[in-house]
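To keep things clear, I will list the structure first and then write my remarks on it.
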Amino acid sequence: MVMYEKQALHPLSDTLVSLDPEVYGSMFNLFEQIGIFWGNMTDATPCKSLLYTFMDGRMRLYPIYRVYYIQSGKILDALIKEMGNEKAYRFLFTDKKINQKPIETPLALVRQKVSNEFISLQLSLGGFKKFGADNYLGYIGGAYIPGEKPPYRIAKEQIHEK
Amino acid sequence: MKNKYDIVIIGSGIAAAALSQRLLKNNPKASILILEAGQSVKMQDSAIWQDLLVSGKLPYTKYQDLPYPTRNTPGQNRSAGRDVLPVDGSRVMTFGGTTIHWAGWSFRLKPEDFKLYTNTGHGIDWPIDYDDLEHYYGEAEEYIGVSGSPVGQNTPRKKGYPFPPFPFTLEDEPVIQAFRKLKIEYSNVPMARHGSTQTDSPHAPCKTTGTCDYCPFGARYSANNFLNEMMEWNRYPNFEVRLNSVVQEIMMKSKTEAKGVKFFDKVENKMREVSAKHIVVAGGTIESPKLLQRSKSKFAPNGIGNDNDLVGRYLLIQPWTTFTGVVKANPKKMQTVMAFPTLCTRHFDSKKEQDKGKFILANWPPATLPTTLSTMMQNGDSSRDIKKAISENYTVTINGQSEIFSEHRNRVYNLESKVNQIGLYETVVDFTKPAGFDHRLEEIKEHVQKVFLEMGAKMDPHFSTSIRADHASCTCRMAKSPKEGVVDKDLKVFGTENVYVCSNAAFSSMGAVNPTLTLAALSIRLGDHLSKSQKG
């Protein structure tokens, strides 16, 4: 019953202003580059609305994510300007220093609060398949409905009731 | 809020949900009040689910106990026994109780479990037997929506499971082959994850997302979902749930009859009283005895049902042991795909093993968030390195859950000088492992070693054992007489006319399997018993 449910909202959630489309676009570019770099998602377009819903959810729970996303867009723009698109994302995804905690630099913030979370999301949206499985923690492959094909790889031997 | 009810239930977990559902089925106008000390956690929320997905954070940890205090950390509760029995992480003090994070395993006890003393000389027999409960086991499986197969369970049953079992995963295949070679009978793990049951839940069945600690769909049975739906859809005019209501004591009007309960209303910030014809304590194994203990009066100077100092005693747990082995080469690229197991064996959950303590084994690949894949990508490993790591080897994890026997010295009681974040007294846990405990685990290890050997896996000689309070039970145990236990075969506290304990606390013993289905069966049975009493 709704009256008993504690709202999964931050007290500031209602005061949040929507992100500019450019920020969403910039974040989608980052998400898309994950699939390109690891070769595990050839077309990220079908995931676009799911990514935006994910971002909205993060901001709803933790309003500071609005700042993370805006700043990350700006930091990535500067990095790409300096290094070029491919080198910039390679640096973002692989540099060991910016993955160290605590977060002390703007790039560490992009890597740990945005890029790494997008990696987890991307895997759960199907990016895992290139690594050889049919199911993955967080993947919604379909309901387990008796009589229909299970949404995961099964053993040859099953118990059949007499 | 009224101040008079037919039945007041303290606690809002599966016992309260199944009991009230049955009472209301028998009489939709039944007057029932559920008092819950905690509050509600938002369920079926995509943002919370994704928070778990990317960071491993759960929304209800703030309603769990903290670890015991140490010299350098404050902590909660007190460990008073020779061995430390952690409470933290084992229960959730919130609307829906611990079903908000349980795993859904839904085993029946076996007939011999009800005859523990007769068969082994350990503990006591239950005052009821398997046949008394068989019908209610079936009803409980319908109520929580269990998927399973009777093959390998070896529990007599008049009806089949409501839903067919989750098929064994590909990761089960090598373990199945080893079991077959060793002639170990295996079975599906019966699971309450179907959602749509024939009672009060409209949820979709499991989507195997593997994020079972917080199911985004409500497929896994969770008492708060069912209670919400009962309030929302079923038009029960006299059914009420009050959160933030910490019951202080049960008030007696004579030596044998309770008149009601006194509780602290955390919202109104004041003490309140309600009267009831029947009072059911359904606060779990730790809080149920503590409430009886602190309900002291001139009629019950040691607390209700505690004339023989048995309330809170015979605390029992099930040790959980994790064995791992590594199989060289993983050509099928097997990975953890779900957060619950599909394969188990009850081969050692048998009369033959009962004297030493039965045990079950389950193949349960570790399902942790963040996953290995995400961690490797986040570390910047290349796609080639990740594929190589997955193909090189595969870790098999076999978990054992075993039976030990309850002892008088093991107990819980109120730590009256301290109150936790929920408003409940903290707990003193006095626990000492029984003699032979470690030796028995070594014997179990020898059985598991044979399984790994058949698989060609290299077993890690070190195994981990958890003796956490997850399946704690027996602290108000059901017995034939007040000399042996706290409640009778109808769960009524000895010496009272209208106080009941409906909880794992009322188990006489607990075998080697998870207790929740048995508790649901006992709760439905109590519902029928109380309905008859009301009519009578």
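The values are calculated or read from the model by the stated rules, or taken from the named source; none is laboratory data. Keep in mind that this is a model prediction, so the values were computed, not measured. Methodologically, a virtual Cβ is constructed for each residue, glycine included, from the backbone with ideal geometry; neighbour enumeration extends over all protein chains shown. Note: areas computed on protein heavy atoms with side chains; ligands, DNA, RNA excluded. Shrake-Rupley method; radii C 1.70, N 1.55, O 1.52, S 1.80 Å.
Here is how the numbers come out for the structure above:
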item: Condition broken by B:Pro366, with the remaining ones in (1) within 14 Å of chain A (Cβ to nearest Cβ); (2) under 21 Å from B:Thr209 (Cα atoms); (3) open to solvent by less than 30 Å² (accessible area, probe 1.4 Å); (4) not β-branched (Val, Ile, Thr) satisfied; result: (3)
item: Residue in segment B:46-63 that is assigned to a loop (DSSP other than H, G, I, E, B) and in contact with a strand residue (DSSP E or B) (Cβ under 6 Å, 6 or more places away or on another chain) present; result: no
item: Failed condition for B:Gln50, given (1) in contact (Cβ under 8 Å) with a residue 12 or more places away in the chain; (2) within 14 Å of chain A (Cβ to nearest Cβ); (3) on the phi < 0 side of the Ramachandran plot; result: (1)
item: Which numbered condition B:Leu35 fails, given (1) out of contact with any helix residue (DSSP H, G or I) (no Cβ under 8 Å at 6 or more places or on another chain); (2) within 17 Å of B:Leu530 (Cα to Cα); (3) buried (at least 24 other Cβ atoms within 10 Å of the Cβ); result: (2)
item: Check on B:Trp105, closer than 22 Å to B:Leu315 by Cβ, surrounded by 16 or more Cβ atoms within 10 Å (Cβ to Cβ) and among the aromatic types (Phe, Trp, Tyr); result: yes
item: Enumeration of residues in segment B:255-301 that are closer than 20 Å to B:Ser533 by Cα, open to solvent by less than 40 Å² (accessible area, probe 1.4 Å) and not in a strand (DSSP E or B); result: B:Ala282
item: Total residues in segment B:27-45, condition at negative phi, assigned to a loop (DSSP other than H, G, I, E, B) and of a type outside the set (Gly, Ala, Ser); result: 9
item: Subset of segment B:163-212 (residues that are part of a helix (DSSP H, G or I), open to solvent by 10 Å² or more (accessible area, probe 1.4 Å) and within 7 Å of chain A (Cβ to nearest Cβ)); result: B:Leu170, B:Glu173
item: Matching entry among B:Gly160, B:Gly152 (being open to solvent by 40 Å² or more (accessible area, probe 1.4 Å) and at the interface with another protein chain (Cβ under 8 Å from one of its Cβ atoms)); result: B:Gly160
item: From the options A:Leu137, A:Leu92, A:Leu79, residue that is at the interface with another protein chain (Cβ under 7 Å from one of its Cβ atoms) and either part of a helix (DSSP H, G or I) or open to solvent by less than 10 Å² (accessible area, probe 1.4 Å) (or both); result: A:Leu137
item: Qualifying residue in segment B:54-66 (condition: more than 14 Å from every other protein chain (Cβ to nearest Cβ) and open to solvent by less than 50 Å² (accessible area, probe 1.4 Å)); result: yes
item: Residue match in segment B:329-352 (condition: surrounded by fewer than 23 Cβ atoms within 10 Å (Cβ to Cβ), without any contact (Cβ under 8 Å) to a residue 40 or more places away in the chain and within 30 Å of B:Val499 (Cβ to Cβ)); result: no
